[in-house]
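Chemist: This is the structure I have questions about; it appears just below.
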């Protein structure tokens, strides 16, 4: 248990940041789920639309420190390839 005032404050800050990060991570996963659903149905137009919505959300997670930039780039690259393959 935190004993010093600074340690107690750190615990409070961590709780707040954890909640924010959880929300952001959930938001990214929601967009990814929508894209996966569009890819599963085979609808190229819906998949393209979902990808255009998901990509900025993934990159926003990078700027907020939720995802590492290489992880996000890898995800975007693989998703873009799947969308391109579907529309081809």
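The values are calculated or read from the model by the stated rules, or taken from the named source; none is laboratory data. All figures in this text were calculated on a predicted structure; none of them were measured in a lab. For neighbour counting, all protein chains shown are included, and Cβ atoms are generated from backbone atoms with ideal geometry for every residue, glycine included.
Chemist: Please determine whether any residue of segment 9-26 is surrounded by 15 or more Cβ atoms within 10 Å (Cβ to Cβ), closer than 15 Å to residue 79 by Cβ and modelled with pLDDT of 95 or more.
Modeler: No, that holds for no residue.
Chemist: So, in segment 76-87, exactly how many residues are more than 14 Å from residue 50 (Cα to Cα) and in contact with a helix residue (DSSP H, G or I) (Cβ under 9 Å, 6 or more places away or on another chain)?
Modeler: 0
Chemist: If the Cβ limit is 8 Å and pairs must be 6+ apart or interchain, which residue in segment 69-88 that is on the phi < 0 side of the Ramachandran plot and at pLDDT below 95 pairs with which residue that is in a helix (DSSP H, G or I) and surrounded by 14 or more Cβ atoms within 10 Å (Cβ to Cβ)?
Modeler: As it stands, the answer is 86/39; 86/44; 86/47; 87/44; 87/47; 87/48, since those pairs meet every condition given.
Chemist: Just to verify a result, which residue in segment 64-74, among those that are part of a helix (DSSP H, G or I) and touching a helix residue (DSSP H, G or I) at 6+ places or on another chain (Cβ under 6 Å), is surrounded by the fewest Cβ atoms within 10 Å (Cβ to Cβ)?
Modeler: 69
Chemist: Oh, and also: Could you list, in sequence order, the residues of segment 22-48 that are touching a residue at least 40 places away in the same chain (Cβ under 8 Å), over 10 Å from the mean Cα position of the chain (by Cα) and on the phi < 0 side of the Ramachandran plot?
Modeler: Answer for segment 22-48, where residues must be touching a residue at least 40 places away in the same chain (Cβ under 8 Å), over 10 Å from the mean Cα position of the chain (by Cα) and on the phi < 0 side of the Ramachandran plot: 35, 39, 44, 47.
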